[in-house]
1. When ligands, DNA and RNA are left out and all protein chains stay put, how many square angstrom of accessible area per residue does the range 58-104 have with a 1.4 Å probe?
2. Expressed as a whole number of Å, what is the distance separating the alpha-carbon centroids of the range 21-44 and the range 45-92?
3. Relative contact order for the range 31-77: what percent, with Cα pairs under 8 Å and sequence separation of 6 or more?
4. Below 12 angstrom from the Cβ of Ile49, what's the summed charge of the other residues (Lys, Arg +1; Asp, Glu -1)?
Amino acid sequence: MIPFANVLVRFLLPGPSSASSMEQLKLDSFDDIPMNSAKVVRFGKEPVIVVHTETGQFKAFFARCTHLGCVVKYDAEGTSQFLCNCHGSTFDLTGKNLTGPAPRPLTPLRVTVEKTSLVLSRRNV
Ligand code: FES
């Protein structure tokens, strides 16, 4: 009876290594993100888009579109916005949803530059 209860508890309560418990990610280098470009990295199980803006700032957002969850891209060649190719939503560099069916902004992360590395962390908003 007790082994069954253990299995049931483990099934109902995810362990501490679940993606939602990840608080910080360190990228050892940002040489591969030149100005006006972006890169998608994994933050636990979630994709995060890190953009190096035309003015030299680094910004990061959870990359799943707030409509149905497709991963957004950065439009370096045109608008310098985030685009969702699934149904056409667009987001500005603050993450704000501008056009399309996306109902909410992208969720931002805090970005800290430490010498040659970037530290991404959840914001407690
Ligand atoms: S999933 Fe992005 S617009 Fe629909």
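The values are calculated or read from the model by the stated rules, or taken from the named source; none is laboratory data. Computed from a predicted model, the values in this text were never measured in an experiment. Cβ sites come from the backbone with ideal geometry, for glycine too, and all protein chains shown count toward neighbours. Accessible surface areas use protein heavy atoms only, side chains included; no ligands, DNA or RNA. Shrake-Rupley method; radii C 1.70, N 1.55, O 1.52, S 1.80 Å.
1. Numbers: 2350 Å² over 47 residues.
With all protein chains present, the range 58-104 gives 50 Å² per residue.
2. 13 Å
3. Numbers: 73 pairs, mean separation 14.1, N = 47.
Once normalised by length, the contact order is 30 percent.
4. Values: positive: Lys39, Arg42, Lys59, Arg64, Lys73; negative: Glu46, Asp75.
Around Ile49, the surrounding residues sum to +3.
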